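A short write-up of the structure that comes next.
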Amino acid sequence: MTIVKQMSLFDIQELLEMESSRRFDTIFATFDVQPIFQLFSKKTLRGAPRELNYGAMIQSLIIRIVERIPTIKDLIKRLVNDPLFRLDCGFLVSDVVPSEASYSRMIDVISQSDVLDHMQDTLIQTAFIEGFLCDEHLAIDATHFESRDAAKPSEKKEPAPPKKRGRKSKEERNAWLTEQAEIKANQSTYEKEIKDQLDTPLETLWQDVPIEPNWGIKKNSDGKNTFWFGFKGHLAVTTKSQYIVGRLMTSANLSDSKAAIPLLKKGKDLFQGHFKTAILDAGYDYEPIYRQLHAYQMRAVIPYNVRNEGEYLGFDEHFRPACVREHSYCYDSFDEKYRTLKFTRPKECATCPLRNDSLCQKVFKIKCDTDLR
């Protein structure tokens, strides 16, 4: 992957050489934590005062990532044993160090709200207005995140009774159809087929995403399956400036393709008609994704994923028209107005005995709507 050198707010070496207090001040000067702090502010002046310093707790969670403190338990131990670190996080001398349960409740409140989504959207829109986000190409992919929770032991399933051979009776078939219709009606948003996401609002797709840790499987660069228990992060990133336009955290067992349309709708919601091209891998080669890109007037760059399709008569393996003698036509141009691909005669036609025959066609024009894949 090409590394794009871009301007930074401060040099990483300068950041590491700074004193801890100065380093933390430099980091917090780049963004505003007030939207998160507003979640814990008192709604009225009545009642007992707040006993916890929520502003310092929020800052300590961010500093935990910078200082590579692995767990909340280790963070609390550092706050108890290091008075200077406690002051750098924003705690007063008179403040009590919060307990692990207090941190857990605060993290739960933040995760249940959408304040981080709004902060990310504001940051991206500010970057777009100021001219830092000017590229028109969007790349979508997924990566894995392991969970700290141990996997639950699977329950032993009783062996299913053997299926009755032969055709079902009319009553059995009607009962089976009713059962299948009931199962389909009770499916969640992400249990349904990908094509059902086309008509689903963005808010529903964002709220109904499964987030419980689960087992996931993915092929590595060697083509071997790798397993992990946890989550999967789906990212939509601009290819040049490398800004994360949309991100979605899901269970590890969710297919990559089922997060593509929500991310595309998120990009459309933030930037109306800005992106022109979407780049995805072969795991996203599904017709509904092409349809969503076509509706947004975006070009799709997706490798063709061979499934159980038969041979396309009159076309080669690259879906170019072929003549009677199976020579491939040459790509000529693309008509943006009519969204039509133009192919011209292959070079072998110059010496072909059938060049003047009515079976040979000089030019092929194929509309993209014929087959979006």
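The values are calculated or read from the model by the stated rules, or taken from the named source; none is laboratory data. On a predicted model such as this, the values are computed, not experimentally measured, just so you know. Every residue, glycine among them, receives a Cβ derived from its backbone with ideal geometry; neighbour counts consider all protein chains shown.
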I'm trying to understand the selection: among the residues of the stretch 171-197, which are closer than 18 Å to LEU254 by Cβ and surrounded by 10 or more Cβ atoms within 10 Å (Cβ to Cβ)?
GLN187, THR189, TYR190, GLU191, LYS192, GLU193, ILE194, LYS195, ASP196, GLN197
Selection count, the stretch 209-222, where residues are exposed (fewer than 14 other Cβ atoms within 10 Å of the Cβ) and either charged (D, E, K, R) or farther than 22 Å from THR143 by Cβ (or both)
3
For the stretch 256-274, give me the residue count where each residue is over 17 Å from ILE129 (Cβ atoms) and either in contact with a helix residue (DSSP H, G or I) (Cβ under 8 Å, 6 or more places away or on another chain) or outside the structural domain of HIS137 (by TED's automatic domain parsing) (or both).
9
So is ALA252 surrounded by 11 or more Cβ atoms within 10 Å (Cβ to Cβ), over 27 Å from SER111 (Cα atoms) and among the aliphatic types (A, V, I, L, M) or not?
no
For the stretch 154-170, enumerate the residues that are surrounded by 10 or more Cβ atoms within 10 Å (Cβ to Cβ) and either assigned by TED's automatic domain parsing to the domain that holds PHE229 or of a type outside the set (Lys, Arg) (or both).
SER169
For the stretch 277-319, enumerate the residues that are surrounded by fewer than 18 Cβ atoms within 10 Å (Cβ to Cβ) and acidic (Asp, Glu).
ASP281, GLU287, GLU309, GLU311, ASP316, GLU317
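Yes or no, residue by residue, for (1) out of contact with any Asp or Glu (no Cβ under 7 Å at 6 or more places or on another chain); (2) under 22 Å from ALA260 (Cβ atoms):
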{"residue": "ARG291", "(1), (2)": "yes, yes"}
{"residue": "HIS294", "(1), (2)": "yes, yes"}
{"residue": "ALA300", "(1), (2)": "yes, yes"}
{"residue": "TYR304", "(1), (2)": "no, yes"}
{"residue": "TYR312", "(1), (2)": "yes, no"}
{"residue": "PHE319", "(1), (2)": "yes, yes"}
{"residue": "SER328", "(1), (2)": "no, no"}
{"residue": "SER333", "(1), (2)": "yes, no"}
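Here's the yes/no breakdown for (1) closer than 30 Å to PHE128 by Cα; (2) among the charged types (D, E, K, R):
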site: TYR190; (1), (2): no, no
site: LYS195; (1), (2): no, yes
site: GLU212; (1), (2): no, yes
site: THR238; (1), (2): yes, no
site: LEU248; (1), (2): yes, no
site: LEU254; (1), (2): no, no
Any idea which of (1) under 25 Å from LYS218 (Cα atoms); (2) surrounded by fewer than 12 Cβ atoms within 10 Å (Cβ to Cβ); (3) not hydrophobic (A, V, I, L, M, F, W, C) is the one GLN272 doesn't satisfy?
(1)
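Determine, yes or no, whether HIS327 is in contact (Cβ under 8 Å) with a residue 12 or more places away in the chain and of a type outside the set (D, E, K, R).
Yes, satisfied.
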With respect to ALA350, determine if the residue is of a type in the set (Gly, Ala, Ser) and at pLDDT below 80.
yes
Go through (1) farther than 29 Å from ARG86 by Cβ; (2) among the hydrophobic types (A, V, I, L, M, F, W, C); (3) not in a helix (DSSP H, G or I) one by one and return the number of the condition ALA127 breaks.
(3)
Can you pull out the residues in the stretch 90-113 that are under 15 Å from THR71 (Cα atoms) and assigned to a loop (DSSP other than H, G, I, E, B)?
PRO98, SER99
Within the stretch 151-168, identify whether any single residue is in contact (Cβ under 8 Å) with a residue 12 or more places away in the chain and either within 30 Å of TYR284 (Cα to Cα) or assigned to a loop (DSSP other than H, G, I, E, B) (or both), and answer yes or no.
yes
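Taking into account only those residues within the stretch 231-249 that are among the charged types (D, E, K, R) and assigned to a strand (DSSP E or B), which is surrounded by the most Cβ atoms within 10 Å (Cβ to Cβ)?
For the stretch 231-249, the residue satisfying everything is LYS232.
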Residues of the stretch 217-245 that turn out to be modelled with pLDDT under 85, within 16 Å of the chain's Cα centre (by Cα) and among the small types (Gly, Ala, Ser), as a count:
0
Report, by residue number, each residue of the stretch 169-211 that is within 22 Å of GLU287 (Cβ to Cβ) and either among the aromatic types (Phe, Trp, Tyr) or assigned to a helix (DSSP H, G or I) (or both).
LYS184, TYR190, ILE194, LYS195, ASP196, GLN197, LEU198, ASP199, LEU202, THR204, LEU205
Given (1) among the hydroxyl-bearing types (Ser, Thr, Tyr); (2) more than 27 Å from the chain's Cα centre (by Cα); (3) surrounded by fewer than 18 Cβ atoms within 10 Å (Cβ to Cβ), index of the condition THR71 fails
(2)
